[in-house]
1. Of the residues in segment 37-52, how many are open to solvent by less than 60 Å² (accessible area, probe 1.4 Å), within 21 Å of residue 117 (Cβ to Cβ) and among the charged types (D, E, K, R)?
2. So the check is Cβ under 8 Å with 6+ separation or different chains; which pairs have a first residue in segment 151-178 that's over 23 Å from residue 41 (Cβ atoms) and at pLDDT 95 or above and a second one that's open to solvent by 40 Å² or more (accessible area, probe 1.4 Å) and in a helix (DSSP H, G or I)?
3. May I ask you to list the residues in segment 11-36 that are of a type in the set (A, V, I, L, M, F, W, C) and either loosely packed, with under 14 Cβ neighbours inside 10 Å or closer than 19 Å to residue 53 by Cβ (or both)?
4. Condition test on residue 178, is it in contact with a Cys (Cβ under 8 Å, 6 or more places away or on another chain) and part of a strand (DSSP E or B)?
5. Within segment 15-59, which residues are of a type in the set (Lys, Arg), closer than 14 Å to residue 107 by Cα and either free of Cβ contacts under 8 Å to residues at least 12 places away in the same chain or not in a loop (DSSP other than H, G, I, E, B) (or both)?
6. If I go through segment 80-109 residue by residue, how many of them are farther than 18 Å from residue 139 by Cβ and modelled with pLDDT of 95 or more?
7. Looking only at segment 153-174, which residues are surrounded by 21 or more Cβ atoms within 10 Å (Cβ to Cβ) and in a helix (DSSP H, G or I)?
Amino acid sequence: MASTLDDLTWPARTSRLLIRRSGADDIAPTWERYRHRESIRKWLSGGDHDFAAYTAKYDDPVRMSSTLIIEHDGEIVGDLMLRLGDVWAQAPESLQDRPRQAELGWCLSPEVQGRGFAYEAARELVRISFDGLGLHRVTAVCFTDNTPSWKLMEKLGMRRESHSRKDSLHSSGEWLDSYSYAMLAEEWRAQG
């Protein structure tokens with residue numbers, strides 16, 4: 001079982017998509033194709049309102065190590081986040097030898113939305129998490145108004161664990177509600 005994304009074989013492939021590790025060469029294309037758009041940025045954390053801020057954020061090696069690029073027919077159409085983390089545990093250190101959970105995220109270009117790419121890519125991300133990395137649990141969070149994102153989480157079989165009231169300060173200056181979703185490895189396996 002792999003302990004990090006570096007231990008897995010890349011790229012991963014689905015029936016229509018190629019999912020690969022990100023690199024510095026992906027910063028400009030992801031910004032130009034979709035991340036510069038207000039319709040995308042309004043749902044993302046970080047408030048990257050210009051290319052310089054975006055570059056500074058995504059050129060960080062830690063951030064880059066948790067980012068995956070989605071390609072369709074050789075073109076970048078989106079990106080994924082798989083941020084590995086530890087769980088709260090009273091177990092001996094010998095049982096805490098590798099990450100046990102991850103936070104997932106996704107972002108797709110508006111030109112390809114509505115074609116099932118988000119589900120296909122996110123499902124592969126969940127598969128990688130449980131089957132490739134042997135994780136115990138995955139989570140995802142979104143603003144409650146981001147209906148496509150929480151519907152995708154539910155389609156993946158994730159369950160809503162919380163509805164937090166005004167817990168997120170949005171770039172608009174408003175406090176917004178958020179939903180938290182999760183899935184356990186046994187729930188993934190039960191889906192068959």
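1. Of the residues in segment 37-52, 1 are open to solvent by less than 60 Å² (accessible area, probe 1.4 Å), within 21 Å of residue 117 (Cβ to Cβ) and among the charged types (D, E, K, R).
2. Partner pairs satisfying both residue conditions: 155/119; 156/119; 156/123; 157/187; 159/187; 160/150; 160/154.
3. Within segment 11-36, the first condition is being of a type in the set (A, V, I, L, M, F, W, C), and the residues that meet it are 12, 17-19, 24, 27-28, 31.
Passing the criteria: 24, 27, 28, 31.
4. Details: in contact with a Cys (Cβ under 8 Å, 6 or more places away or on another chain): yes; part of a strand (DSSP E or B): yes.
Yes, satisfied.
5. Our first condition is that a residue be of a type in the set (Lys, Arg); within segment 15-59, this holds for 16, 20-21, 33, 35, 37, 41-42, 57.
Okay, now just the ones that are also closer than 14 Å to residue 107 by Cα, so 33, 35, 37, 41-42.
Of everything in segment 15-59, those that are of a type in the set (Lys, Arg), closer than 14 Å to residue 107 by Cα and either free of Cβ contacts under 8 Å to residues at least 12 places away in the same chain or not in a loop (DSSP other than H, G, I, E, B) (or both) turn out to be 33, 35, 41.
6. Here the count works out to 2.
7. Within segment 153-174, just 153 meets the criteria.
The values are calculated or read from the model by the stated rules, or taken from the named source; none is laboratory data. Owing to the predicted nature of the structure, the values given are computational and were not obtained by experimental measurement. Every residue, glycine as well, gets a Cβ built from its backbone with ideal geometry; the counts of neighbours run over all protein chains shown. Surface areas here come from the heavy atoms of the whole protein model, side chains and all, with no ligands, DNA or RNA. Shrake-Rupley method; radii C 1.70, N 1.55, O 1.52, S 1.80 Å.
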